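Okay, so here's the structure we're looking at.
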Amino acid sequence: MRVAVFGQRTDGISQYIPDDADEMVLGEDGAGAAAQEWADLNGMPKIVIRQGKSISREKCAELIIEIADMAVAIWDGRCEITRRYILLAQKKGKPMKVIRLLSNNVRAAIEIHSQK
């Protein structure tokens, strides 16, 4: 299963990656960067969508969500960009887990939502 990971960067990213993930779909910063490092260390294939002159942040988000079979959002409840990714995944009907962090330093999730 292709899994999109996005949101705030946090230590211990592996605890949020589903066991049946066989490929990651990622952006280049935040939780996507942490998931890239994890994928490299664990030999997991990955697709990295990079923002650039010809592709906006919004288009990156659309591509990441479109390519993925499921989404994992790591969110502090404040970041507007992560909120937009979450809303886009909901709109596309992607199964999703939202891990709500107390702060960027806290690894424990206080809330997990699964949607189908």
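Is it the case, given these coordinates, that ARG2 is closer than 28 Å to LEU102 by Cβ, touching a helix residue (DSSP H, G or I) at 6+ places or on another chain (Cβ under 9 Å), touching a residue at least 24 places away in the same chain (Cβ under 8 Å) and basic (Lys, Arg)?
no
Taking the range 72-92 as the region of interest, how many residues are touching a residue at least 24 places away in the same chain (Cβ under 8 Å) and among the charged types (D, E, K, R)?
The qualifying residues number 3.
Are any residues in the range 14-34 buried (at least 21 other Cβ atoms within 10 Å of the Cβ) and touching a residue at least 60 places away in the same chain (Cβ under 8 Å), and if so, which ones?
Passing the criteria: only TYR16.
Being surrounded by 12 or more Cβ atoms within 10 Å (Cβ to Cβ) and not aromatic (Phe, Trp, Tyr) is the filter here; which residues of the range 1-13 pass it?
Correct list: MET1, ARG2, VAL3, ALA4, VAL5, GLY7, GLN8, ARG9, THR10, ILE13.
Given the conditions (1) modelled with pLDDT under 90; (2) touching a helix residue (DSSP H, G or I) at 6+ places or on another chain (Cβ under 6 Å); (3) among the charged types (D, E, K, R), which single one is not true for ASP29?
Looking at each condition in turn, ASP29 falls short on (2).
Of the numbered conditions (1) touching a residue at least 40 places away in the same chain (Cβ under 8 Å); (2) surrounded by 16 or more Cβ atoms within 10 Å (Cβ to Cβ), TRP38 fails exactly one; give the number of that condition.
Status for TRP38: all satisfied but (1).
Since VAL72 meets every condition but one in (1) in contact with a Phe, Trp or Tyr (Cβ under 6 Å, 6 or more places away or on another chain); (2) modelled with pLDDT under 90; (3) of a type outside the set (Gly, Ala, Ser), which condition does it not meet?
In the conditions (1) in contact with a Phe, Trp or Tyr (Cβ under 6 Å, 6 or more places away or on another chain); (2) modelled with pLDDT under 90; (3) of a type outside the set (Gly, Ala, Ser), VAL72 misses (2) alone.
Report the residue count in the range 1-27 for those that are over 18 Å from MET70 (Cα atoms) and of a type in the set (Asp, Glu).
Step one: filter the range 1-27 for residues over 18 Å from MET70 (Cα atoms), giving 9-12.
Next cut, of a type in the set (Asp, Glu) only: 11.
The total comes to 1.
Conditions (1) at pLDDT 90 or above; (2) in contact with a Leu (Cβ under 9 Å, 6 or more places away or on another chain); (3) surrounded by fewer than 17 Cβ atoms within 10 Å (Cβ to Cβ), marked per residue:
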{"position": "MET44", "(1), (2), (3)": "yes, no, yes"}
{"position": "ILE49", "(1), (2), (3)": "no, yes, no"}
{"position": "LEU87", "(1), (2), (3)": "yes, no, yes"}
{"position": "VAL106", "(1), (2), (3)": "no, no, yes"}
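The values are calculated or read from the model by the stated rules, or taken from the named source; none is laboratory data. All values reported here derive from a predicted model rather than from experimental measurement. With ideal geometry, Cβ positions are generated from the backbone for all residues, glycine too; neighbour counts draw on all protein chains shown.
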